[in-house]
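J.: One structure, pasted below without further comment.
Coordinate-derived values only; no laboratory data. These figures come from a predicted structure and were not determined experimentally. Quick reminder, even Gly has a Cβ in these numbers, built from the backbone with ideal geometry, and neighbours come from all protein chains shown.
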Amino acid sequence: RLPEDEEEEVEVGWQEKLFSQFEVDLYRNESACQTPLDWQYHEEIRKLEKAGGRKNCRIFTYTDHDRFTNLEELCQKVTDLDHEVPSYLVERMANVRRRRQDRRPVEASSLKSKIITWEPSEEFIKNNHVINTPVQTMYIMGDLGPYGKLGHREYENVLCTIKVDGNGVITVKPDFNGTKGAYRIELDGEKREVWEYTVENASAQVQPEEEEREQRVFRELYGRHRDYLSGLVGSDFEMPLPGTLRLLVNGEIVSAQGYEYDNLYVHFFLELPNQWSSSPFQQLSGVTQTCATKAVGWDNVAYFCYPFTVDMFYTQEDEGVFPYSLPQWPVLYFEVLSLDFWQRYRVEGYGSLVLPTCPGVHMLTIPTWRPVLGTVAEMRRFFIGGSPELEDLTYVRIPSTFKGKRLSRFGFRTETTGSVTFRLCCLQQSKAFLENSALRQRMQSVLDRLGGFSQQSSVYNVLEAFQRARRRMQEARESLPQDLINTSASAV
């Protein structure tokens, strides 16, 4: 009689068949054998009985060809609901078994000449409609029934699942224990039995020669792949001229929130200051789609997710002027409008955004405002649509036509409206970034890198010369005799 806390250790090979007590009792009878696999198991069990019976007790396996493997893959649930109702797609995909299926070369060659297959076969659909990576599966099982009652299907539990696909990827679930504790299986019953088991890798270690050969093959493969990618990308990159900065902005108008009316759209354009330019084919303006809002918390939010790309160049003309007048940065002007059922539009707000000077990803939420000209204008806006508009959209900041020194907006009435959220991915390219590391560490922004290199470098040279002279004075002072230093100090 075995003790209650039974222990069993079995070393299992890939696709090695270990029979359970239930299978021994089943395949022992010839009347239960129907398929060729059943007859093969019948013969193997007869040989096992002549050799003294099976060596394993509770641990057994199901290979890739067993019925359990087929049913286990077909009966997997998509969700964790107890009463899950499979959809039409789930029922159709359940018949597509990720097994080693023979592709017919006739159909494969016909695809090159025929774009459409008018009468596809079931095998053709399985191999071409889905990603059908061939997979071989093996289950290591445990019969956790009470002692003396082995062979009941309700006590069978999956201890480990091993899968190998056609790409050579091995999946072990659960993973090897290693330094982790043992896995636990708690059974529902009167005694509430708890079983613990560990999964260890018992494969032979690879010889150093084979490992080196494998690494060499991998290196050659990765080298060919790197050469292939290099051939696709190329090695010639367009570099801006010295003193020129390239600014590439991949932007997105994410959302607009907090506006009075529904069905919003955004009209925007980019203003390039002096010394900035762009390609003649570059679009510097755009209009989003009309988007209906939905309630998110206390606000009505319209999600545009409208992407745009702007490629600009900054060219410095006079290097000596830079330290005293910083270059202006491009400004994005935008207005939010609404469109109702009667095709009446209203201006919901104006805003502006200075493009970030630092590269990287920036999430910016810009508040907006709209003009208010009195009760009559508001009634016209409510009943017949339309609203006071700005003739020059740059009036949001400093008008492009303004040439004075002071800009007064006294008497101009506005009203705060909602806000617009932008996501900007800014990239900067310049030969100024290739300066030596010592100089680059002292530069805090791209503005410092673009101009005044001669002035900056001269200042740095003076500072470094002062530091070197100071260090030499300290070294000379330390090398003097101490009595001489003390005498000089007392005389002073």
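J.: By average Cβ neighbour count within 10 Å, what is the ranking of 156-164, 389-397, 33-41 from highest down? If you can, show how the numbers build up before the last one.
T.: Values: 156-164: 17.3, 389-397: 15.0, 33-41: 13.2.
Answer by packing, highest mean first, reads 156-164, 389-397, 33-41.
J.: Can you tell me how much longer the chain between residue 277 and residue 121 gets when fully stretched, taken as 0.36 nm per residue apart minus their C-alpha distance, in nm with one decimal?
T.: On the way: separation 156, 0.36 × 156 = 56.16 nm, distance 5.87 nm.
Between residue 277 and residue 121, full extension yields 50.3 nm more.
J.: Shifting gears a bit: Evaluate the distance, in nm, between pseudo-label points positioned 7 Å from the Cα of residue 366 and of residue 83 along their respective Cα→Cβ axes.
T.: It is 5.4 nm.
J.: Can you list residues whose amide H is under 5 Å from residue 193's amide H, if they're 5+ apart or on another chain and H is modeled 1.01 Å from N?
T.: Here the answer is 187, since their amide H atoms fall under 5 Å of that of residue 193.
J.: Estimate the FRET efficiency between residue 50 and residue 154 by the formula 1/(1 + (r/R0)^6), using the beta-carbon distance for r and 35 Å for R0, to the nearest 0.05.
T.: E between residue 50 and residue 154, to the nearest 0.05, is 0.70.
J.: At a 10 angstrom cut-off on C-beta neighbours, averaged per residue, how do the peptides 407-415, 343-351, 9-17 rank from highest to lowest?
T.: Details: 407-415: 8.7, 343-351: 19.0, 9-17: 12.7.
Output ranking for 407-415, 343-351, 9-17: 343-351, 9-17, 407-415.
J.: On to the next question. GluC sites (Glu not before Pro), restricted to segment 186-225: which are DSSP loop and have at most 13 other Cβ atoms within 10 Å?
T.: Working: sites: 186, 190, 193, 196, 200, 209, 210, 211, 212, 214, 220; in loops: 190, 193, 200.
Listed in order of number, the matching sites are 190, 200.
J.: Calculate, for residue 30 and residue 221, the FRET efficiency according to 1/(1 + (r/R0)^6) with r their C-beta to C-beta distance and R0 56 Å; round to the nearest 0.05. Walk me through the numbers before you get to the answer.
T.: Values: r = 52 Å, r/R0 = 0.93.
The formula returns an efficiency of 0.60 here.
J.: Let me ask you something else. Give 17/163; 17/55; 17/47; 50/149 a once-over and call out the pairs whose C-alpha atoms are over 19 Å from each other. Present the calculation step by step, with values, prior to reporting the outcome.
T.: Working: 17/163 15 Å; 17/55 12 Å; 17/47 14 Å; 50/149 23 Å.
Going by Cα-Cα distance, 50/149 fall outside the 19 Å limit.
J.: Moving to a separate point now. Based on the mean of other Cβ atoms within 10 Å per residue, sort peptides 243-249, 285-291 so the most packed one is first.
T.: The peptides rank, most packed first, as 243-249, 285-291.
J.: Quick check on segment 162-281: take the gyration tensor over C-alpha atoms, sort the square-rooted eigenvalues as a ≥ b ≥ c, and tell me if it's rounded (a/c under 1.5), prolate or oblate. Mind showing how you got there, number by number?
T.: Details: a/c = 4.49, a/b = 1.60, b/c = 2.81.
It is oblate, given that a/c is not under 1.5 and a/b is not larger than b/c.
J.: Here's something else I'd like to know. What is the extension gain from residue 214 to residue 57, computed as 0.36 nm multiplied by their sequence separation minus the C-alpha to C-alpha distance, in nm to one decimal?
T.: Details: separation 157, 0.36 × 157 = 56.52 nm, distance 3.87 nm.
Length gained between residue 214 and residue 57: 52.6 nm.
J.: Just want to confirm a number: the relative contact order over segment 139-256, from Cα pairs under 8 angstrom separated by 6+ residues, in percent.
T.: On the way: 81 pairs, mean separation 14.4, N = 118.
For segment 139-256, the relative contact order is 12 percent.
J.: Can you give the local net charge around residue 213? Use residues other than it whose beta-carbon is closer than 15 angstrom to its beta-carbon, Lys and Arg +1, Asp and Glu -1. Walk me through the numbers before you get to the answer.
T.: Values: positive: 216, 219; negative: 209, 210, 211, 212, 214, 220.
Here the count lands on -4.
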